[in-house]
1. Rounded to a whole number of µm²/s, how large is the Stokes-Einstein D of the chain at 10 °C and 1.306 mPa s, given Rh as the Kirkwood radius over C-alpha pairs?
2. For n ≥ 4 DSSP H runs only, could you compute -39500 (n - 2.57) per run for the chain, divide by its residues and tell me the 222 nm figure to the nearest 500?
3. Can you give me the angle between helix 62-88 and the longest principal axis of the chain, using Cα atoms only, in degrees from 0 to 90, rounded to the nearest 10?
Amino acid sequence: MSIETIWLGIGFFGQALFFGRWVVQWIASEKKSESQVPVSFWYMSLIGGLITLAYAIYREDAVFIAGQSIGSFVYIRNLMLVSRTNQGNQPTGPSSPQT
């Protein structure tokens, strides 16, 4: 197997993850009957984007590199916002049962 074939596999794998995020988002939205963006969407965006970025770097494709690089910052920022929101929703003290 040639190095080119391996990199094509890596590129297709990254694209599959990147595409799969839309399937995850669609299923989550259908379950709630409203638009939803699950956290897994952002993880799949980041991982798929970084894998695709590695492929773009290998191919020396400046346009693809720029697009995937910028996207990665957006995905990381959204994960930071989700994390901050989740931390704010956690109870801070001991819980006492309601009677």
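1. My calculation gives 102 µm²/s for D.
2. About -28000 deg cm²/dmol.
3. Tilt relative to the chain: about 10 degrees.
Only the coordinates and a few stated rules stand behind these numbers; no lab work does. Source: prediction; values computed, not measured.
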